[in-house]
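The values are calculated or read from the model by the stated rules, or taken from the named source; none is laboratory data. This is a predicted model, so every value here is computed, not measured. Note that each Cβ is placed from the backbone with ideal geometry, even for glycine, and that neighbours are counted across all protein chains shown. Keep in mind that these areas ignore ligands, DNA and RNA; they rest on the heavy atoms of the full protein, side chains included. Shrake-Rupley method; radii C 1.70, N 1.55, O 1.52, S 1.80 Å.
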Amino acid sequence: MKSYKFFTTVFLMAAVIFLAPSCDSALDNPQEDTVVESGIDYTNISLRKELIEGAYYTLYNLQWETYPLLSVRGDDVNAKGDQEPLLETEAFRYSRSFWMYNSTWLNLYSDIINWHAAIEEIEKFNANSNDPGVGQQYIAEINVMQGYELLLLARLWGGILIPTSSQAEDLYNSEVTSFEETMAYISNLMDEAMPSLLDVAPNQHPVVKGGITRSTALAIKAMANLEMKNWQGVADATSQIIQSGQFSLFADYYELFKTPGKLANENILELQYSDFGQGSGDAVRYLHAFFGPNNWTPEVSGASGGWGFWEPSMKYIKFMIDRGETVRLETSVNFTNEGIDSLQAQPGYSTLPTFISNTTRDNDVWGTTDGSANPRAIFSSGKHYLPSNQLIPGRTDYGSNKNFICIRYAEVLLMHAEALINGASSSVMSADAAVNAVRSRAGLGNLSGVTLDNVLDEKFAEFGMEWGIRFYDLVRHGKTSELTGYSDEDRFIPYPLQQIDLLPQLEGN
Amino acid sequence: MRILFLSVFMLTAILGFSQSVGVSGTLTDAETGEALIGATVVEKGTTNGTITDIDGNYQLSVSNPDAALIFSFVGYASQEQAVNNRTTINVALSIDIEALEEVVVVGYGTQRQKDLTSAITTVKADEITKTPTSTAMQSLQGKVPGVQIVSSGAPGSGPTVRVRGVGTLEGDSKPLYVLDGMFVDNIDFLNPADIESISVLKDASAAAIYGVKAANGVVLIETKKGSYNQEATVTYDGYWGLQVAQNVLEMANTQQFVDYALATGANADASFVNNAFQRYGRSRSNTNYPAVDTDWYDEVLKSYAPIQSHTLTASGGSDNSRYSVSAGYFNQEGLVEEVKNSYERYNFRTKIDLNVKEWLNLEGNVNITQSEQHVAPGGVWFNTYFAVPLIPVYDETNTNATPYKLANAQNLGYRGRQNPYFNMLYNDDQNKAARILGNFFADIELIPNTLSFKTSYNYTYNALNIRNINFEYNDGVSFNQSSLYKSNETSFDQIWDNILTYNQTFGSHSISAMAGYSYRSESFNKIFLQGDSLYVNPSFDNEELWYYTNPGEEITRTASGDQGSTFYGTSYFGRLSYNYQDKYLVYGTLRRDGTNKFQKKWGTFPTVGAGWVVSEESFFDLNFVDFLKLRGSWGKLGNAGVAAAVGQPTYQANTLAVDDNLETGVVAIKQYSYLDRWETTVETNVGVTTTLFKGRLSLDADYYIRDTEDAVLTVILPLVRASVKRNAASFRNKGFEFAANWNNSIRNVINYNVGINFATLNNEVTSLAGQQYLDGGSAEFRQRSIIGSPLEAFYGYEVEGVFQTTEEIATSGLLDEFVTDSNIQPGDFKYKDQNGDGVIDDLDRVVLGSYLPKFTYGFNLGMNYKKFEFSANFQGQAGHKILNRKRGEIIFTTDANLDAELVDNLWDGAGSSNKYPSAAGLRKGYNQAMSDYFVEDGSYFRIQNIRVSYNFGGGTLFGKNMPDAKFTITAERPVTVFNYNGFNPEVASGIDRQTYPIPAVYTAGLNLKF
């Protein structure tokens, strides 16, 4: 008996003594299911393609509140709906504690910081590659994305912080860059990127079709110079785009904003979304419901409407009717019966063009059939509308499978005209020619000897509901009397409270 | 089940009976010889008994001459004597300080209560089963000072448990549960009736033997075991009852809501009301209001829901084996109408001890649990609160809606559907869980009663199958595809412990030592997938077809995938305790822990403690004091409950569309968590334990200071929507805990006991890695940790009142420019201008309070009278705040309903309200800033549990022996009193956005012993 006991004990104790050290080595096992930097093979240069696609993912992943905040303050559009921050911002009553301010700030800055991370990673692959050219091109594309979002940030807040690495903590000690300096920074950044970029139309980009090319950088450079009123800088950049011959105006203005306009020759920067041709399953989409009608009777039943938050202004509609606009008004505005009634109640608008109807040419009817009122928007934005008969059968989300256009060739043409009228020169195209190209697509006759007002009106008509272009035009040219409730200190919105708490150097607005 | 009972009854009935014998005698105090009045004499194994009279005499007739009698009296040790044909039995009882001889379970061993130098509270089986609940921790609410329990009302979900404040900010700060030696993350799966005892190791000294797992306290659970040489007993324990929602929040009705909507002056709101008139007509009683007036809580909440529990246990033992085997069934229905929400659980357990050799003891313990939970769909409570009263549940005019014509608020122009019935009728969320838990050990006595070696293997296998199905439907405005989400999660955890224990006494010195090694692994795997548009449209009628089998459709790649992790831990530990003449006690443990979770792999956790039993000293001569011990301890703990830190940049894959093709892009994430130190807790505890007046009064008091250092904190980075974990904070919890119990009898017939306990808690940030403060919470509802203030305190403006007139604004001291810019009107908040600069801005924000209660208390009362037992428990918490996040939702949407208290008391003209702003003001950014308008007092007092039992059975019926039986009626949480404007004041995080109502439970229970 004793010997059993002895044997058992010795066996068990020995087991402990021998097994314990091997158990301890388990502590060196790496964490599972996480791809860490130290595990990346930087000689596998094909990963650069994944990184640039990741950068486009970041660009395309536009949160819904960013666009309205950027675009709400013009006289082309009214904020509607249950979002007080948007309603108040439109009325130029700002509050640094509005959730949308902080959220938009984070959306844009997170992109810029993540893009720095992508650049730093691509550089590591480039160091191992005997063909760093492609990597340089990718980095340049990312720089253009950064320039674009810095522009958006500065348009909202004026002076901003410019991140120069992926380390957000570095910003603790950085100084605010003024609005003008930021625009100059963006312009330079575009100049530096350009030599590495492909000189083709975006829809000819071999890796990311619809991606960023040299013209995109030029367009953003033009926008930055426009904000600086460096008119010659604008004219030079736009001239190069025009001269490249890579772009043309899409003939059908109505379809430009719908499925046929995806990756059209007019589009210089476009966010891509898709249902991948399937009625269910994977989909990548922008939240177009924001723009959609509260109530509608779609041609394809079961198709969802939206929130009714984005209403073209009565001022815009009357302006368009006064100009004799047809397709641009039809495309920009969807009318409910209440909308038509209140339009007709305006002096001088009792008779309306026949295309003004609560039924679109794709037979979607705005408003309910039971005649109950649309408490939110009585008009909605047609540029953000996808006809229900263009939805892939099975899909019901409003605007599903629709792209989101950021910069169009038409904007380049009209920036070109704006610059020339303000004294810049170009041998490529005259101001009249640029304006008339845009007018002609809209079915309007030619103008000659265009003035600044002609150009600004043309931009108003062409870009209603798009990206706040109208607001930034009015502010730039001091024509703010058009904006009800605006005073000079309202150009920029206040820094979000959370950011001031983290970055005390944010002062001023 | 019924057949089983019948057969058990029949079995009992077959047993015969024999003749009765009369016994009498006197009971005295063994020390003084005084008669004991009102002492109890009971025939063993029956309910046949009596009580001694004023001279200490008793008379009783017993069923046979071989019966045994049990003599007991409050404060005295019980005695058992066999009758052995005697007719007179006189007994002298001694004062019972033996309770202190009781052995307490400590980590990797046991200790005498008397020898403890640390703070351990043990709760026994009877106390645990008083509460009708699926999870045993709930029954500790209000009973253990220093342990905060925050209930959850959803079927099958466990409470939040905090030991001595917040030990960490990571995870949910939950303690380590050690179930018969196995580490588990909760004991919600366990049948409360299977538990013998729950011991809460509160201070660092007690918990330190669990090292890196112990920072949030340790809860040791022992399941029931049999006894050697005990005849088999079969016990049935069960109850059936009803749950009733309590303190249901009153929302604005149509009249109140319409008045508010119109008062906002917003055109859209007026238009919604007009549409309601048009669609549903006018109210007949008051034509100024729409006809529909839906009370959503009334529509969504059942008036009651059943709950039931049944447990059968058999236990017993022979010379060299003992066993306990049980089976349990628990079923709780939820309170939501229509949709399945319920929790059903089966438990099977067997525990066997074998004394196979004189020197070898084996134990095997297996616990199997199977449960099925149907969760009320996520949006139900949210929608029930926010849905406007203007729409009905069903709307026949919503003609496009299929399969049910549910009313849709979008038809009135609102942004969302609102009607919670969409969540209820078209969803089913099911969680099926299985758990196998086993412990096996061998205990070898190397030197009898001195040195032993124990090796044990503990194992759990968990499987969780989640199936969420959404049916295809049309809400009248748009069509919604069906979809199915399924996930399978499994985890395999194992612990191998090896322990050497040594006990020796040399004269007045006794030593106990333990050394051990432990290896642990935790491996987790999850696979999940989602598909839309199922081939066969799912409905409640075809559950057998809830599979994604259609080959024509694609699984949604972006919502499908897998996850996994494996963590390892190894530990070396030891304990030494020394005792001199039972007077002086010294105690120490040391544990060295390793893990692969963090950048730092190893940590060492020591503790020391000392005790002085003053009452054992020769100079001690206070007669009324039976026992008095002073104790003190110090210990250091670690916290491995934090999520693993990756410690370097990572690559994440995301999908995007390029030219209508699905592509995968990689995003490099350079914001990462880095934990190069271990979160540690250092605690000093001093306490006193005493029993007085012949054991009638017992007191326990503890004071502790608990410092958490290098605490892992979420740091909000500037500019980016990312937050990372850093060892960034140190904070201190300190508090005083007190518990007292008094036992006695009144006129010798009523035995009673009264207990009170309370605990204070003071939580304070002590350092923040060089910063003055760290922000937490959300940007709109800021919480801030500031040195010297509580952790994550609510932070914002102080509301002084509401501006009544323009004159008041003009003379308020606010600068005109600020008033104009902020558009301040009468009916807007008057915030306190803390720095007096005439402007309300970020510099005027102050700490508005903490979600941690400063004071928790409980008291209880128990009484026995003849065959009746009565007990009552009360508990409460005070000194903490709740963020009424529901009222804050208006920041994100103005489409929602509000609570009646708010709507009724909105400012509407000078003198109308100094508390709430005007209807229009509610929507103004100025009034929406974080302030104490959103932060409310969370204090409450609750009648926790009232229970009346009647003992019957035993004896004979129709000449047959009957089992012992006890019938009990329980009211759990019948009354809760609080001021907070919400459903219930129990909100673990302090942020009340959507909570399941916590019901009152009324049950009838039966306990049978064969």
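Overview of values
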quantity	calculated
Pairs where the first residue, in the stretch A:176-187, is under 16 Å from A:L152 (Cβ atoms) and the second is assigned to a strand (DSSP E or B), C-beta under 7 Å, 6+ apart	A:T177/A:I160; A:T182/A:I160; A:Y185/A:T177
Complete set of residues in the stretch A:215-262 that are surrounded by fewer than 19 Cβ atoms within 10 Å (Cβ to Cβ) and within 14 Å of chain B (Cβ to nearest Cβ)	A:T259, A:P260
Some residue of the stretch A:389-396 being buried (at least 18 other Cβ atoms within 10 Å of the Cβ) and either among the small types (G, A, S) or in contact with a Leu (Cβ under 9 Å, 6 or more places away or on another chain) (or both)	no
In the stretch B:942-995, the residues that are of a type outside the set (G, A, S) and modelled with pLDDT under 80	B:T956, B:L957, B:F958, B:K960, B:N961, B:M962, B:P963, B:Q994, B:T995
Condition check for B:A769: in contact (Cβ under 8 Å) with a residue 40 or more places away in the chain, of a type in the set (A, V, I, L, M) and within 14 Å of chain A (Cβ to nearest Cβ)	yes
Pairs, first in contact (Cβ under 8 Å) with a residue 40 or more places away in the chain in the stretch B:958-973, second among the basic types (K, R) and open to solvent by 20 Å² or more (accessible area, probe 1.4 Å), C-beta under 8 Å, six or more apart	B:P963/B:K1009; B:D964/B:K1009; B:A965/B:K1009; B:T968/B:R947; B:T970/B:K130; B:T970/B:R947
Positions within the stretch A:60-95 being among the hydrophobic types (A, V, I, L, M, F, W, C) and open to solvent by 10 Å² or more (accessible area, probe 1.4 Å), in sequence order	A:L62, A:W64, A:L87, A:A91, A:F92
Residue count, the stretch B:629-660 (criterion: open to solvent by 40 Å² or more (accessible area, probe 1.4 Å) and either more than 18 Å from B:S673 (Cα to Cα) or part of a loop (DSSP other than H, G, I, E, B) (or both))	9
Residues of the stretch B:879-898 that turn out to be within 29 Å of B:F855 (Cα to Cα) and open to solvent by less than 20 Å² (accessible area, probe 1.4 Å), as a count	7
Scan of the stretch B:54-77 for residues that are open to solvent by 40 Å² or more (accessible area, probe 1.4 Å), assigned to a loop (DSSP other than H, G, I, E, B) and modelled with pLDDT of 80 or more, ordered by number	B:D55
Flag for A:G302 being closer than 21 Å to A:K80 by Cα and touching a strand residue (DSSP E or B) at 6+ places or on another chain (Cβ under 8 Å)	no
Those residues of the stretch A:57-115 which are hydrophobic (A, V, I, L, M, F, W, C), more than 9 Å from every other protein chain (Cβ to nearest Cβ), farther than 19 Å from A:V475 by Cβ and outside any helix (DSSP H, G or I), in sequence order	A:L62, A:W64
Any hit, the stretch A:350-371, residues being among the aliphatic types (A, V, I, L, M), within 22 Å of A:A79 (Cβ to Cβ) and within 14 Å of another protein chain (Cβ to nearest Cβ)	no
Residues being within 23 Å of A:V77 (Cα to Cα) and more than 9 Å from chain B (Cβ to nearest Cβ) - total across the stretch A:290-303	4
Boolean, A:K221 is out of contact with any His (no Cβ under 7 Å at 6 or more places or on another chain), assigned to a helix (DSSP H, G or I) and closer than 26 Å to A:G133 by Cβ	yes
Any hit, the stretch A:166-174, residues being among the polar types (S, T, N, Q), out of contact with any Leu (no Cβ under 7 Å at 6 or more places or on another chain), within 12 Å of chain B (Cβ to nearest Cβ) and buried (at least 19 other Cβ atoms within 10 Å of the Cβ)	yes
Odd one out for B:E663 among (1) touching a Leu at 6+ places or on another chain (Cβ under 8 Å); (2) within 9 Å of another protein chain (Cβ to nearest Cβ); (3) open to solvent by less than 40 Å² (accessible area, probe 1.4 Å); (4) modelled with pLDDT of 90 or more	(3)
Any hit, the stretch B:369-381, residues being assigned to a helix (DSSP H, G or I), touching a strand residue (DSSP E or B) at 6+ places or on another chain (Cβ under 8 Å) and more than 14 Å from chain A (Cβ to nearest Cβ)	yes
Filtered residues of the stretch B:452-466 (kept if open to solvent by 50 Å² or more (accessible area, probe 1.4 Å), without any contact (Cβ under 8 Å) to a residue 60 or more places away in the chain and of a type in the set (F, W, Y))	B:Y457, B:Y461
Sole exception among (1) without any contact (Cβ under 8 Å) to a residue 12 or more places away in the chain; (2) more than 26 Å from B:S785 (Cα to Cα); (3) open to solvent by 50 Å² or more (accessible area, probe 1.4 Å) for B:V819, by number	(3)
Counted residues, the stretch B:974-1010 - those being part of a strand (DSSP E or B) and of a type in the set (K, R)	1
Residue list for the stretch B:112-124, restricted to those being open to solvent by 20 Å² or more (accessible area, probe 1.4 Å) and farther than 16 Å from B:I756 by Cα	B:R112, B:Q113, B:K114, B:D115, B:I120, B:K124
Criterion violated by A:A373 - all others in (1) more than 26 Å from the chain's Cα centre (by Cα); (2) modelled with pLDDT of 95 or more; (3) crowded, with 16+ Cβ neighbours inside 10 Å satisfied	(2)
Residue tally, condition part of a loop (DSSP other than H, G, I, E, B), more than 28 Å from B:K213 (Cβ to Cβ), within 14 Å of chain A (Cβ to nearest Cβ) and in contact (Cβ under 8 Å) with a residue 40 or more places away in the chain, over the stretch B:673-729	3
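Matching residues to (1) in contact (Cβ under 8 Å) with a residue 40 or more places away in the chain; (2) open to solvent by less than 30 Å² (accessible area, probe 1.4 Å); (3) β-branched (V, I, T):
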residue	(1), (2), (3)
B:L500	yes, no, no
B:N503	yes, no, no
B:S508	yes, no, no
B:S518	yes, yes, no
B:Y535	no, no, no
B:I555	no, no, yes
B:D562	no, no, no
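Residue-by-condition table, conditions (1) among the acidic types (D, E); (2) open to solvent by 20 Å² or more (accessible area, probe 1.4 Å); (3) closer than 25 Å to A:R96 by Cβ:
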residue: B:G836; (1), (2), (3): no, yes, yes
residue: B:P853; (1), (2), (3): no, no, no
residue: B:S871; (1), (2), (3): no, no, no
residue: B:L902; (1), (2), (3): no, no, no
residue: B:W907; (1), (2), (3): no, yes, yes
residue: B:K915; (1), (2), (3): no, yes, no
residue: B:G921; (1), (2), (3): no, no, yes
residue: B:G925; (1), (2), (3): no, no, yes
residue: B:S939; (1), (2), (3): no, yes, no
